[in-house]
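So the structure is just underneath, and the comments pick up after that.
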Amino acid sequence: MDIKPIEILIEDSPLLTQLASFLDRDDLLADIENIRQEKLKMSNLFNRNLIEELYKYHYGFSLRLIKKDAYLQSIKSLSENYKNVSEIPLSPDMPITIAMSETNKLLHKYNKNLGYLMAVIYAILCGKVKNGDYTSNTHTLFLTPEIIKGVLFEPPFSYVTLVISPESTPDEVQEAFKKAYSTYFYDKRIPFKLLRSDRLRSIAHDTMSNISNIRKWYWMNHKSNPEWVGYRKIEKTTGFPLQTIRSGISAYKKLLRQYI
């Protein structure tokens with residue numbers, strides 16, 4: 001079998017190394033060639049621009065971002081502009097659908113994560129991988145309430161999920177977290193600000209041991225407590241300094257008010 005290498009147009013050296021060490025495997029290249037010949041019946045590689053357009057419309061249609069009529073019209077226009085598209089690829093045997101299905105099988109076979117998905121799809125269909133097809137094994141996903149709705153619950157704010165894989169390194173995870181924090185949470189999200197230890201240290205020197213005490217004082221002094229206890233009695237009962245009790249309860253009330 002005549003196996004040709006995949007053209008990899010990625011400038012970042014670490015990413016290039018990770019991807020090339022996978023796409024240059026003889027057994028993977030043999031599998032890719034088999035998919036082209038047996039599953040896709042390809043006589044030639046597809047035009048890269050065509051596949052990018054096909055994927056854009058297919059993805060939009062799948063997520064209901066594009067209505068069926070508009071989708072069909074767009075695909076029809078593509079089929080007129082590119083000679084290697086002989087029919088409107090709406091059926092399950094369209095090139096993108098087959099490539100996606102076969103790529104998922106390859107990722108499972110070679111124990112690779114979904115970060116490789118688009119790179120392998122383009123490798124199969126076009127023989128060419130570009131910047132952006134493969135970014136990293138470690139990345140973030142921005143999840144809005146609309147996306148999460150119906151899965152578990154409808155949250156009042158968006159989440160950022162940190163996606164890691166067996167190939168992720170500690171440095172990559174740390175860098176992805178820093179990027180997510182600075183991009184999504186800097187002075188924007190109260191919950192993340194509350195996770196900072198300096199805010200809790202303002203309540204007491206030893207956060208882990210004293211936060212339990214502060215909650216206890218707070219509820220002893222809470223107006224709903226039928227056995228309400230004043231600051232001085234808390235001081236006498238617990239042995240903590242009066243000022244520590246006052247400042248602890250005050251700071252804790254401030255923390256609670258930030259959620260209102």
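The values are calculated or read from the model by the stated rules, or taken from the named source; none is laboratory data. As the structure is a computational prediction, the values presented were derived from the model and not from experiment. Backbone-built Cβ (ideal geometry, glycine too); neighbour counts: all protein chains shown.
Any residue at all in the range 53-69 that is modelled with pLDDT of 85 or more and among the polar types (S, T, N, Q)?
For the range 53-69, residues modelled with pLDDT of 85 or more and among the polar types (S, T, N, Q): absent.
Working carefully through the options 137, 84, find the one that is over 15 Å from the mean Cα position of the chain (by Cα), at pLDDT below 90 and not in a helix (DSSP H, G or I).
None of the others qualify; the one that does is 84.
Yes or no: residue 202 of a type in the set (Gly, Ala, Ser), at pLDDT below 75 and under 27 Å from residue 158 (Cα atoms)?
Numbers: of a type in the set (Gly, Ala, Ser): yes; at pLDDT below 75: yes; under 27 Å from residue 158 (Cα atoms): no.
No, not satisfied.
Restricted to the range 216-245, and to residues that are polar (S, T, N, Q) and in a helix (DSSP H, G or I), which residue is surrounded by the most Cβ atoms within 10 Å (Cβ to Cβ)?
Applying the filter and picking the extreme gives 244.
Restricting attention to the range 1-48, which residues are of a type in the set (Asp, Glu), touching a residue at least 40 places away in the same chain (Cβ under 8 Å) and in a helix (DSSP H, G or I)?
31
Just wondering, is there one or more residues in the range 152-171 that are of a type in the set (Asp, Glu), surrounded by 14 or more Cβ atoms within 10 Å (Cβ to Cβ) and at pLDDT below 85? If you could, list the steps in order and put the result at the bottom.
Initial filter on the range 152-171 (of a type in the set (Asp, Glu)): 154, 167, 171.
Next, only the ones that are surrounded by 14 or more Cβ atoms within 10 Å (Cβ to Cβ) stay: 167.
Imposing the further condition that a residue be at pLDDT below 85 reduces the set to 167.
Checked against the condition, which is being of a type in the set (Asp, Glu), surrounded by 14 or more Cβ atoms within 10 Å (Cβ to Cβ) and at pLDDT below 85, the range 152-171 yields at least one hit.
Take the residues in the range 185-199 that are outside any helix (DSSP H, G or I) and surrounded by fewer than 13 Cβ atoms within 10 Å (Cβ to Cβ), then tell me which one is modelled with the lowest pLDDT.
Step one: of the range 185-199, the residues outside any helix (DSSP H, G or I) are 186-189, 195-196.
Going one step further and asking which of them are surrounded by fewer than 13 Cβ atoms within 10 Å (Cβ to Cβ), we end up with 186-188, 195-196.
Values: 186: 54, 187: 51, 188: 49, 195: 38, 196: 43.
Among residues in the range 185-199 that are outside any helix (DSSP H, G or I) and surrounded by fewer than 13 Cβ atoms within 10 Å (Cβ to Cβ), the one modelled with the lowest pLDDT is 195.
Which condition breaks for residue 182 when tested against (1) over 16 Å from residue 256 (Cα atoms); (2) modelled with pLDDT under 90; (3) not assigned by TED's automatic domain parsing to the domain that holds residue 144?
(3)
Looking at (1) in a helix (DSSP H, G or I); (2) at pLDDT 85 or above; (3) surrounded by 12 or more Cβ atoms within 10 Å (Cβ to Cβ); (4) assigned by TED's automatic domain parsing to the domain that holds residue 245, find the lone condition where residue 175 falls short.
(4) is the only condition that residue 175 fails.
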